[in-house]
1. Just to confirm a number: summing +1 for Lys and Arg and -1 for Asp and Glu over residues other than Lys122 whose beta-carbon lies under 14 angstrom from that of Lys122, what do you get?
2. Over 32 Å between Cα atoms, which of Lys56/Lys108; Lys58/Lys122; Lys73/Lys108; Lys58/Lys102; Lys68/Lys96 qualify?
3. Test of understanding: what is the full-extension gain from Lys3 to Leu120, defined as 0.36 nm times their sequence separation minus their Cα-Cα distance?
4. Between Asp55 and Gln93, what FRET efficiency comes out of the Förster formula 1/(1 + (r/R0)^6) with R0 = 35 Å and r the beta carbon distance, rounded to 0.05?
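Laboratory data are not the source of any read-out in this text; all were calculated from the coordinates shown. Note that the structure is a prediction, hence the values are computed from the model and not measured. We place every Cβ from the backbone using ideal geometry, glycine too, and count neighbours over all the protein chains shown.
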Amino acid sequence: MKKMIAMCVLVAPLFATSAFAQNAPAAATATPAAPATSAKPAAPAAPAATNAQQDKMKACNTQAAGKKGDERKAFMSDCLSNKPAAAPAKNSQQEKMTACNKDATGKKGDERKAFMSECLSK
C-alpha cells in the first residue's frame, strides 16, 4: 500500500506538468504580440545612437592600424573616450625620436644607445 501511494505521489506531478504545459505556450504566444507593436517606435532611435559610436570606433580603428596588444588597447581606450590631451604627447615623443636619430648619425653600438637614452630622456 505504501508503495502505491509513493508511486502515485511521484507520477502525479508528471500529469500535472503536461496539463500546465499546454496552457503555458498559449499564454506565451499572446504576450509577445503586444510588446512587438510597442517596441517598433523605439527601434529607429537605437540605430541612430549606435551609428555615432560605430563611426567613432571606425575612426579609432583606422588610426590604430599597426598597433598591437597593450599598446592598441591603451590607444583605443584613449581614442574612444575623446581625450585629446594624449595626442600631443605622442607627437612630441615622435619629434624627439626624429631629432635624436638625426643627431645620432655616425654613432654605433653602446655609444649610440647611451646617446639615444640621454637624448630621449630630456
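1. Combined, the nearby Lys, Arg, Asp and Glu give -2.
2. Lys56/Lys108; Lys58/Lys122; Lys73/Lys108; Lys58/Lys102
3. Length difference between fully extended and current span is 33.3 nm.
4. The pair Gln93/Asp55 has a calculated efficiency of 0.80.
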